[in-house]
Structures are given as structure tokens and as C-alpha cells.
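First the structure, which I've put down as C-alpha cells, then a few questions once you've had a look.
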Amino acid sequence: MKPILLQGHERSITQIKYNREGDLLFTVAKDPIVNVWYSVNGERLGTYMGHTGAVWCVDADWDTKHVLTGSADNSCRLWDCETGKQLALLKTNSAVRTCGFDFGGNIIMFSTDKQMGYQCFVSFFDLRDPSQIDNNEPYMKIPCNDSKITSAVWGPLGECIIAGHESGELNQYSAKSGEVLVNVKEHSRQINDIQLSRDMTMFVTASKDNTAKLFDSTTLEHQKTFRTERPVNSAALSPNYDHVVLGGGQEAMDVTTTSTRIGKFEARFFHLAFEEEFGRVKGHFGPINSVAFHPDGKSSGGEDGYVRIHYFDPQYFEFEFEA
């Protein structure tokens, strides 16, 4: 497995995201740069310039017309994917932690941090209504009083959003009324990442409590647990196999005190059904902050500021798991 190394950030990676076809990879980091790359050869296509702080999240709509980014500069921005032009600037009172397009690409949601006396909110904007953007008035704003949202994704068919909290709780909020439809608490610590399966029927959570868990996306019923001995920063489900990949390592401040081997910076592969680990991919010189499966492959982004795209060897595709 020879990785393609993408060097486009000066600070550690916060999120990587493929578009639906998988020909483009969007990367954001703790620097203000938003990069887009050709995933086939790692060539940088361009950057979206405008943010003035760390960028926490990125999303592309399903036909890759628009890109959405959320940043610690207290703004969520909408970009034209092809030209890099900024189409909308939505100012907030605190840092934007998560953002996403619904399946149709018409409605965006983003959540803000609880900081500087402001509480955590989830805001919903309909892009078909220019007045919402111009007046910076979302059609719905859900307050989260208890524990701030650390990760959120749209549920199937854009009817709800699934949000993971600092406390380890999972909530399903209706995108129409804003009420909490389901609430579960399977994790004991913060949920760092939520990623849906390709068909949106399941999602995997990555948590600071050293586990990743698989849930049903409609009922939030807990189905599987993948255990490690380090905090899990990100987890992704394979689109074509029963595999889940976990990325993690220790907290950034502990990195310099251990050797790379002890740091456990590999991406780890688990079998979805048997919950057993069957492989690891080394390479990062620091914790992995974000992992993503290409519609046919995989890549990971690390605390070292590099993104690695790993093209699988034929053995991976012929691999039979022995139960």
C-alpha cells in the first residue's frame, strides 16, 4: 500500500471529506486554508480563501456544486466549488464546530460552540430563500443547553440530524420542528466524529472513551462496539465491505513524550460483524484526526498536517475474514 501524501496544510488536519463521486477530496485544518485535491493522483486543484481562523468542518453537496465550511473565526461560509468564489458568509457568535448539506443540497445546518457566554446552537438555513442568507436569519435555531454538540450529520432523507455531544449523548433532532426525537447515551465520554454508511441506514461514532460504536440511523439502536486502548478521533464505514476503520492516538499535548510506535498512530481496521481487528495501516507521525473511505478506497488526515491517501493492494479486496 503506497500512500499519496498531500501536503497543503501548516497545522493539524481537522476533517477530510470526499465528494459523492470520490474524484475530489476536501481537507480542512487548524489553519485558515480550505484545500481541494484530485483524489486519483493527489494533485491540488485549488483553495478556498477567506477564513481567518482554524477551520473545523467541511462538506460538499451531492452534485459538488457548493462547498460549506465552518470555522473558529465565528463564521460558516458557502463556496462555489468550481471557481472558489465565496457565495455566502453566515456570521455566528462562537466557533462553528460542525456543518453539513442535507441530501438535496438545499438546506444547510451548522452547530456553534458553547463559549464566551454564548450557548451551543444548531442553525438551519434554506439556500433557496436568499433573505435568510442576507439577513443571517435561520428558519430554525435549536438551543442545546446541557452539553455542547461536538459532531453532527444529517440523517437519512434529510428529515433529522444526528448529533453527538461532549457528554457522550446522541440526539436525533427533527429538521422540521427542532424537537428531540430520540436520545441515547452509549458513550461515557465526548463523541468526536459521526459518519454514515453509504446507504445511510447505519452510522459509526468515534469517542474519547476509546471505542467506536455502530448505530441504526433511524432508531439510534446500538448494534456493535469496536474497542481500542486509545481515544478514537474518527471512524468510517467501508462502502463496499463489512469493514470499519478507526483513527486515533493520544491527545495532541502528549505526542512529544512518546515514540511513534507507542503512540499507536495507525489506522485500524475492524470487521463490522465480528468486532475484531484484522489490520493496521501505519504512516502518520501523530494522532489521526480524521479518516474517510473513498467510494472505492480510503484516506486519513493526521495531527502532523499531512493527508495520506492509501490505495489498497489486491490482497485487501480478496481478503476473507476467518470467523
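The values are calculated or read from the model by the stated rules, or taken from the named source; none is laboratory data. Just so it is clear, the model here is predicted, and its values are computed rather than measured. Heads up, the Cβs are rebuilt from the backbone with ideal geometry, glycines too, and the neighbour counts pull from every protein chain shown. Surface areas here come from the heavy atoms of the whole protein model, side chains and all, with no ligands, DNA or RNA. Shrake-Rupley method; radii C 1.70, N 1.55, O 1.52, S 1.80 Å.
What is the sum of charges, Lys and Arg at +1 and Asp and Glu at -1, for the other residues whose Cβ falls under 9 Å from the Cβ of Lys30? Show your work: numbers first, answer last.
Values: positive: Arg11; negative: Glu10, Asp31.
Combined, the nearby Lys, Arg, Asp and Glu give -1.
Same structure again: Among the listed pairs Lys114/Lys185; Lys30/Lys185; Lys17/Lys91; Lys148/Lys282, which are separated by more than 25 Å between their Cα atoms? Can you show the working numbers first?
Numbers: Lys114/Lys185 20 Å; Lys30/Lys185 29 Å; Lys17/Lys91 23 Å; Lys148/Lys282 33 Å.
Beyond 25 Å: Lys30/Lys185; Lys148/Lys282.
While we're looking at this one, here's another question. Any idea how far the Cα center of the stretch 6-44 sits from the one of the stretch 306-323, in Å?
21
Okay, next question. Please calculate how many Å² of accessible area the stretch 1-314 carries per residue, with a 1.4 Å probe and no DNA, RNA or ligand atoms counted.
About 42 Å² of surface per residue is accessible.
Place a +1 charge on the Cβ of each Lys and Arg in the chain and a -1 charge on the Cβ of each Asp and Glu, then give the dipole magnitude about the Cα centre in debye, rounded to the nearest 20.
740
Which of these, Asp59, Asp23, Asp31, has the largest mean-square fluctuation under a Gaussian network model of the chain (Cα springs below 10 Å)?
The residue that fluctuates most here is Asp23.
Continuing with this model, one more query. Given springs between every Cα pair under 10 Å in a Gaussian network model of the chain, which of Tyr48, Tyr306, Tyr38 has the largest fluctuation?
Between Tyr48, Tyr306, Tyr38, it is Tyr38 that shows the largest mean-square fluctuation.
For Leu272, what charge total do you get from the other residues with a beta carbon under 11 Å from its beta carbon, if Lys and Arg give +1 and Asp and Glu give -1?
-2
Name the most mobile residue of Leu272, Leu157, Leu214, meaning the one with the largest mean-square fluctuation, in a Gaussian network model of the chain with Cα contacts below 10 Å.
The residue that fluctuates most here is Leu157.
How much length would be gained if the chain were fully extended between Ser174 and Lys2, taking 0.36 nm per residue of separation minus their Cα-Cα distance, in nm to one decimal?
Computed gain between Ser174 and Lys2 is 57.6 nm.
Per residue of the stretch 166-182, what does 6.51 cos²θ - 1.76 cosθ + 1.60 with θ = phi - 60° give for ³J(HN,Hα)? Whole Hz please, x for Gly and Pro, Karplus curve as stated.
After applying 6.51 cos²θ - 1.76 cosθ + 1.60, I find 4, 7, x, 6, 10, 10, 10, 9, 6, 7, 9, 9, x, 7, 7, 8, 9 Hz.
Would you mind telling me the share, in percent, of accessible area of the stretch 1-314 contributed by carbon and sulfur at probe 1.4 angstrom? Before the final figure, lay out each step's value.
Numbers: 6280 of 13090 Å².
The C+S portion of the solvent-accessible surface of the stretch 1-314 is 48 percent.
Can you work out the Karplus-derived ³J(HN,Hα) for every residue in the stretch 126-141? Use 6.51 cos²θ - 1.76 cosθ + 1.60 with θ = phi - 60°, whole Hz, and x for glycine or proline.
Result, ordered by residue: 9, 5, 6, 10, x, 5, 4, 5, 5, 8, 6, 10, x, 6, 8, 9 Hz.
Do you know the relative contact order of the chain, to the nearest whole percent, from alpha carbon pairs under 8 angstrom that are 6+ apart?
Relative contact order here is 13 percent.
A further question on this structure: Could you give the spread of the C-alpha atoms of the stretch 86-178 along their three principal axes, from largest to smallest, in whole angstroms?
Result for the stretch 86-178: principal-axis Cα extents of 35, 32, 23 Å.
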